[in-house]
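One structure is given below, encoded as structure tokens.
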Amino acid sequence: MRARAEAEAEALRAQSGAEAEALRAKAVAEAEAIRAKGEASAAAIKAEAEALRENQEAILGRELIGQLPALMAEFAKGYQNVGSVTLVGGDTAGTHIAREQAAGLAATFHSVKSATGVDLGAILQGQAFGRGVASVSDAANGHHAADDGQPAPTR
């Protein structure tokens, strides 16, 4: 009877030890999974930050260009209540207003460049000449968007 009780106690200790080891292994595996997920997340954030840093001007320029229609709509509201325009000096009303709008837009571009360092005029010219926002940094470095090894044309 005593031998049987000792055998049962030993079996219970072995089972408890195995359960404890299984719990430890599960905890270690969960901790490893959490660590790996954290490392992957940190690597993704680091890569995104690097990409943003390297392409900051193009990204900011794209965002600012996206705001141009709303900006021009707000600018045009200033002419909404104009009843009539009398000009002296040979300009037509259309020419005069177009000149004012161009001056206003140029002033806005200058303000953006002063505040952010982003040259919207250069970015727009890049789009007009096929280089576009995504390759503004290439143009600044003297490369075509096609990466054919030729320097970008100068204006």
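The values are calculated or read from the model by the stated rules, or taken from the named source; none is laboratory data. The structure presented is a predicted model; accordingly, all values stated were derived computationally and were not measured. Virtual Cβ from ideal backbone geometry, glycine too; neighbours counted across all protein chains shown. Note: accessible area is taken over every heavy atom of the protein model, side chains too, but ligands, DNA and RNA are not part of it. Shrake-Rupley method; radii C 1.70, N 1.55, O 1.52, S 1.80 Å.
I need every pair where a residue in segment 103-121 that is at negative phi has its Cβ under 7 Å from the Cβ of a residue that is part of a loop (DSSP other than H, G, I, E, B), sequence separation at least 6 or different chains.
As it stands, the answer is V112/V118; K113/D119, since those pairs meet every condition given.
Checking G90 against (1) at positive phi; (2) in contact (Cβ under 8 Å) with a residue 60 or more places away in the chain, only one condition comes out false. Which one?
With respect to (1) at positive phi; (2) in contact (Cβ under 8 Å) with a residue 60 or more places away in the chain, G90 is out only on (2).
When only residues in segment 33-85 that are farther than 30 Å from V112 by Cα and either in contact with a strand residue (DSSP E or B) (Cβ under 7 Å, 6 or more places away or on another chain) or not hydrophobic (A, V, I, L, M, F, W, C) (or both) count, which is most open to solvent (accessible area, probe 1.4 Å)?
K37
Being open to solvent by 70 Å² or more (accessible area, probe 1.4 Å) and among the hydrophobic types (A, V, I, L, M, F, W, C) is the filter; apply it to segment 86-116 and report the residue that is farthest from the chain's Cα centre (by Cα).
V88
Search segment 117-131 for residues being of a type outside the set (F, W, Y) and open to solvent by 70 Å² or more (accessible area, probe 1.4 Å), and hand back the single one that is modelled with the lowest pLDDT.
A128
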